[in-house]
Amino acid sequence: PHAGPVDSKNEAAMSELVPEPRQKPVVPMKPMGINANLLGYIGIDTIIEQMRKKTMKTGFDFNIMVVGQSGLGKSTLVNTLFKSQVSRKSSGWNREEKIPKTVEIKAIGHVIEEGGVKMKLTVIDTPGFGDQINNENCWEPIEKYINEQYEKFLKEEVNIARKKRIPDTRVHCCLYFISPTGHSLRPLDLEFMKHLSKVVNIIPVIAKADTMTLEEKTEFKQRVRKELEVNGIEFYPQKEFDEDLEDKTENDKIRQESMPFAVVGSDKEYQVNGKRVLGRKTPWGIIEVENLTHCEFALLRDFVIRTHLQDLKEVTHNIHYETYRAKRLNDNGGLPPMTVETEENHESNL
């Protein structure tokens, strides 16, 4: 019964011995919010300018492949796209030139400069594709070429002494030319896109769109989109690679309205209403290549060069190349097979 008061006395004595809690600092630490107001100018906004200067010095690589039957205007379109003679010149057939028996791969490199920005452009042409009577597996040389470029990049990456900047020969974009039949895609078109949509960014293009009326063109585009969807063929920009809502909204519009681009190419200039325009002259007038009411060439150029060029490169590196790399390293226990050449490099590096 007497325990109560004794305990209370002990507690009072103990409370005197316990030191007082530490005083809070005079200026409390203000929690930093995401939108912290700066008290003066720091210069964070110069980071973009620093990056710009650095990339301007190194320049850019862009590798574009054109695939389709002969006579669909592949070379002309690429020349129109970059407003210079960057693709092989289309020459009339002569007796010395033989039709290639198999698909050949021809890569032509150029350095294009505009406004101080240098771009090393490589145009990869595929003469002989779809020109034979039997076109069985004619996409194999193209698939082989694309994978060889990934292999080349991978070998450079796994070297002990790596180059500071690995030359990029990987195919960033493949323009696939669809014949303007107005009916449906051929089995060859479907087979090619099925096999290669997993290894490269495919952009389907309806060639020589001036051979169709506006109604035929609209109907053909819808039919092509439907066929690609039914066959489960993913073309660029792929739905699963949209990073945010803004990208998704923009890309959905392109997928549902623009694709495949119905285009007309021309590297000849004509005078229209006092202006010089690229176009094709017909008995009933001039088809203006860059006029949206005439064809969708301007949309294709804006899409490939002005809005999605960097994204094409990123998807190639982060998705297609990474898929190849992961498979390659898994199959081989972590490293590419040692050839005599790589063994010599390995020894010299050591």
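Side notes on the structure shown:
- Charge tally for Leu309 (other residues, Cβ to Cβ under 12 Å; Lys, Arg +1; Asp, Glu -1): -1.
- Surface listing: Ser84, Ser258, Ser70 arranged by accessible area from highest to lowest gives Ser70, Ser84, Ser258, probe 1.4 Å.
- FRET efficiency estimate (nearest 0.05) - Cβ-Cβ, Asn291 to Gln50, R0 25 angstrom: 0.05
- Between Ile305 and Lys144, full extension at 0.36 nm per residue minus the direct alpha carbon distance yields a gain of 55.3 nm.
- Filtered GluC sites (Glu not before Pro), segment 117-149: DSSP coil and at most 10 other beta carbons within 10 Å: Glu136
- Length-normalised contact order for segment 221-305 - Cα pairs under 8 Å, 6+ apart - percent: 20
- For segment 139-211: rounded, prolate or oblate by the Cα gyration tensor [a/c cutoff 1.5]: prolate
- Computed from backbone phi, the HN-Hα couplings of segment 238-250 come to 6, 4, 6, 9, 5, 7, 9, 5, 4, 4, 4, 4, 5 Hz, rounded to whole numbers (Karplus: 6.51 cos²θ - 1.76 cosθ + 1.60, θ = phi - 60°; Gly and Pro given as x).
- Cross-link table Lys83/Lys120; Lys83/Lys268; Lys217/Lys275; Lys253/Lys313, entries beyond 18 Å C-alpha to C-alpha: Lys217/Lys275; Lys253/Lys313
- Mean accessible surface per residue for segment 171-227, computed with a 1.4 Å probe while every protein chain stays in place, in Å²: 39
- Among the protein heavy atoms, those of Arg280 account for about 100 Å² of accessible surface (1.4 Å probe, every chain in place).
- Charge tally in the Cβ shell below 13 Å around Asn332, where Lys, Arg are +1 and Asp, Glu are -1, Asn332 excluded: +2
- Sorting Tyr270, Tyr236 on solvent-accessible area from highest to lowest, probe radius 1.4 Å, gives Tyr270, Tyr236.
- Estimated FRET transfer efficiency when R0 is 30 angstrom, pair Ser70-Thr323 (beta carbons, to 0.05): 0.40
- Spatial separation of Cα centroids for segment 119-156 and segment 195-265, in angstrom: 22
- Close amide-amide hydrogen proximity is noted between Val272 and Val277, each under 5 Å apart and 5 or more residues distant or on a separate chain (H modeled in the peptide plane; Pro and chain starts excluded).
- Accessible heavy-atom area order of Met119, Met259, highest first, probe of 1.4 Å: Met119, Met259
- Under-5 Å amide H pairs with Ile178, H placed in peptide plane, nonlocal only: Val205, Ile206, Ala207
- Neighbour net charge for Lys281 - beta-carbon separation under 14 angstrom, K R +1, D E -1: -1
- Under the combined filter of DSSP loop state and at most 10 neighbouring Cβ atoms within 10 Å, segment 183-247 retains these GluC sites (Glu not before Pro): Glu243.
- Annotation for Glu114 and Ile166: the two label points, set 7 Å from Cα along the Cα-Cβ direction, are 2.9 nm apart.
- Mean separation of Cα contacts under 8 Å (6+ apart) over length of segment 164-253, as relative contact order %: 32
- With 5 Å bins from 0: P(r) over segment 252-292, alpha-carbon pairs, percent: 5, 22, 23, 17, 11, 11, 8, 1
The values are calculated or read from the model by the stated rules, or taken from the named source; none is laboratory data. Here the structure is a predicted model, which means the values were calculated and not measured. Glycine also receives a Cβ, built like all others from the backbone with ideal geometry; neighbour counts cover every protein chain displayed. We work out accessible area using only protein heavy atoms, side chains counted, and drop any ligands, DNA or RNA first. Shrake-Rupley method; radii C 1.70, N 1.55, O 1.52, S 1.80 Å.
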